[in-house]
Amino acid sequence: MKVKIKAYASLRHYLKDKEEDAELIVAAPVPVGEILRLLAIPECEVMAIKIGAATVDRSHLPADGDLIELFPVLAGG
């Protein structure tokens, strides 16, 4: 199964070669939380996860070919 990961802003540096997009191949469907672990992205740094137009949680099982978008925690005043 292959999924595409798109990381925004401060999460981008976790992807190989500091690219905005990455592809990950896994043997079987795994939850989004496991994909974060495989990419060494701390869950506490991810505010939102989207697949298509839907916001999903870390237990969601993406389908082959899905684009997983990762949005960082926002701060400011």
Screening 48, 63 for residues that are within 14 Å of residue 8 (Cβ to Cβ), at pLDDT 95 or above, small (Gly, Ala, Ser) and out of contact with any Gly (no Cβ under 9 Å at 6 or more places or on another chain) leaves only 48
Given the options 22, 27, name the one that is loosely packed, with under 10 Cβ neighbours inside 10 Å and at pLDDT below 95.
27
Among the residues of the range 1-55, write down those that are on the phi < 0 side of the Ramachandran plot and basic (Lys, Arg).
2, 4, 6, 12, 16, 37, 50
Restricting to the range 30-77, and then to whatever is of a type in the set (Val, Ile, Thr) and in contact (Cβ under 8 Å) with a residue 24 or more places away in the chain, can you tell me which residue is surrounded by the most Cβ atoms within 10 Å (Cβ to Cβ)?
32
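The values are calculated or read from the model by the stated rules, or taken from the named source; none is laboratory data. What you are looking at is a predicted structure, and each value in this text was computed from that prediction instead of being measured. Neighbour counts run over all protein chains shown; Cβ positions are idealised from the backbone, glycine included.
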